[in-house]
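Chemist: Right, I'll just put the structure down here and ask away after.
A short reminder: the numbers here are calculations on the coordinates, not readings from a lab. Computed from a predicted model, the values in this text were never measured in an experiment. Note that each Cβ is placed from the backbone with ideal geometry, even for glycine, and that neighbours are counted across all protein chains shown.
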Amino acid sequence: MPRKIVARRSPIHGNGVFAAVDLPAGTRLIEYKGRLRTHAEADELYGDQAETGHTFLFTLNDEYVIDANNDGNVARWINHGCTPNCEAVLVEHPGSDRRRDRVFIETIRDIRAGEELTYNYGIVLAERHTPRLKKLWACRCGAPGCTGTMLQPKRR
């Protein structure tokens with residue numbers, strides 16, 4: 001069975017993930033994997049690096065973060081896009097053990113072989129979105145409607 005996706009250098013930023021074959025909308029591509037950490041553990045490990053504009057941390061739920069810096073897979077190389085062709089889908093485990101929740105990346109439209117995969121990271125920071133922070137979290141997706149930043153408006 002041929003691989004659906006492949007990682008290589010990206011014109012958006014650093015590494016990226018690309019469709020190796022044509023992919024129909026609604027295709028589950030990959031689980032976002034990494035070491036499971038509490039938010040407090042992630043803050044302790046990476047708190048001083050919070051302003052790098054680069055992260056492999058994925059918020060799983062109110063209790064846990066997936067740290068793809070450790071035990072991560074190719075999903076960590078999927079870049080942010082303002083008009084994404086994929087989305088992150090949270091699958092909550094039916095029990096009360098939040099450690100068993102999972103995140104999958106799925107296509108939201110048909111994707112041609114060779115096209116780079118992107119999803120909206122949905123980064124919301126508690127602090128004011130200053131010009132410096134917007135530049136730090138700059139988006140380079142190049143989409144016609146690119147906002148210029150990966151930061152999302154604060155939820156009300």
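Chemist: Being surrounded by fewer than 18 Cβ atoms within 10 Å (Cβ to Cβ) and not in a strand (DSSP E or B) is the filter here, so list the residues in the stretch 34-51 that pass it. Lay out the reasoning, then the answer.
Modeler: Let us first name the residues in the stretch 34-51 that are surrounded by fewer than 18 Cβ atoms within 10 Å (Cβ to Cβ), namely 35, 38-41, 43-51.
Correct list: His39, Ala40, Glu41, Asp43, Glu44, Leu45, Tyr46, Gly47, Asp48, Gln49, Ala50, Glu51.
Chemist: Name every residue in the stretch 85-110 that is closer than 16 Å to Ile5 by Cα and not hydrophobic (A, V, I, L, M, F, W, C), in order of residue number. Working first, answer last.
Modeler: Going through the stretch 85-110, the residues closer than 16 Å to Ile5 by Cα turn out to be 85-88, 104-110.
Matches in the stretch 85-110: Asn85, Glu87, Glu106, Thr107, Arg109, Asp110.
Chemist: Return yes or no: is Ala42 among the hydrophobic types (A, V, I, L, M, F, W, C) and farther than 15 Å from Glu116 by Cα?
Modeler: yes
Chemist: Is one or more of the residues making up the stretch 21-29 outside any loop (DSSP other than H, G, I, E, B) and of a type in the set (Asp, Glu)?
Modeler: no
Chemist: To continue, here is another question. List pairs: first in the stretch 25-39 and within 14 Å of Thr118 (Cα to Cα), second buried (at least 19 other Cβ atoms within 10 Å of the Cβ) and of a type in the set (Phe, Trp, Tyr), Cβ under 9 Å, 6+ apart or cross-chain?
Modeler: Tyr32/Phe58
Chemist: Further question on the same structure: Within the stretch 106-121, can one find any residue that is outside any loop (DSSP other than H, G, I, E, B), acidic (Asp, Glu), under 18 Å from the mean Cα position of the chain (by Cα) and buried (at least 18 other Cβ atoms within 10 Å of the Cβ)?
Modeler: Taking every residue of the stretch 106-121 in turn, at least one turns out to be outside any loop (DSSP other than H, G, I, E, B), acidic (Asp, Glu), under 18 Å from the mean Cα position of the chain (by Cα) and buried (at least 18 other Cβ atoms within 10 Å of the Cβ).
Chemist: Condition first: farther than 14 Å from Glu41 by Cβ and out of contact with any Gly (no Cβ under 9 Å at 6 or more places or on another chain). Now tell me which residues in the stretch 63-74 satisfy that.
Modeler: Result: Val74, single match.
Chemist: Scan the stretch 72-125 residue by residue and report those that are among the acidic types (Asp, Glu), within 21 Å of Pro24 (Cα to Cα) and without any contact (Cβ under 8 Å) to a residue 40 or more places away in the chain.
Modeler: From the stretch 72-125, those among the acidic types (Asp, Glu) are 87, 92, 97, 101, 106, 110, 115-116; that's our starting set.
Next cut, within 21 Å of Pro24 (Cα to Cα) only: 87, 106, 110, 115-116.
If the condition is that a residue be among the acidic types (Asp, Glu), within 21 Å of Pro24 (Cα to Cα) and without any contact (Cβ under 8 Å) to a residue 40 or more places away in the chain, then Glu87 is the only one that fits.
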